[in-house]
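The values are calculated or read from the model by the stated rules, or taken from the named source; none is laboratory data. Just so it is clear, the structure is predicted and the values come from calculations on it, not from any experiment. As a convention, Cβ positions derive from the backbone with ideal geometry for all residues, glycine included, and neighbour counts pool all protein chains shown. The accessibility values were calculated without ligands, DNA or RNA, using every heavy atom of the protein model including side chains. Shrake-Rupley method; radii C 1.70, N 1.55, O 1.52, S 1.80 Å.
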Amino acid sequence: MRVDKGTLYIDVAPSPWMDLSDCTVEISANVPNGNSVSIVQMATLAKLNGDFSSVTIASNAGDVALDGHATSVAVKGEAIKARIELDRIEKNENIDFDVRALDVYLGFGQNVPISYTIAAEKSFVDSSLSDTPGSKPAISIKGSYVRATMR
């Protein structure tokens, strides 16, 4: 671990073991509200709770959950399962996924106007919220195979 210009970096070395199923790295951190979180890992299981300015995740394979609030969420990867539930809407939120195979649940609350764009080769979209162009939260999803649920 190191701190550089106010940023905490946690470097995780790859395991020399052949069987990675027994090797996990668990990090628990308390950060003040309004801070950013960035995770860059080959495989990620991330459970984030709180109030963040931005959340950025880059992972080949991941299971990601966010409960709370973030003004900006950006997830990039190959195969990602994600659940994002915002506990409040400030009408300035941007949520971007650039994931080859994505299974995502997005929760915003009742009767929240959202705007969304989904560009995928194959997709299944289940939304109880209609697309209201120009509204925020604004959701952008790019991928080959996408299953998205928005509530």
Restricting the search to the range 30-52, which residues are surrounded by 11 or more Cβ atoms within 10 Å (Cβ to Cβ) and at pLDDT below 90?
-> 31
When the range 1-24 is examined, which residues are found to be at pLDDT 75 or above, open to solvent by less than 90 Å² (accessible area, probe 1.4 Å) and among the hydrophobic types (A, V, I, L, M, F, W, C)?
-> 10, 12
Which residue out of 71, 56 is without any contact (Cβ under 8 Å) to a residue 40 or more places away in the chain and within 23 Å of residue 132 (Cβ to Cβ)?
-> 71
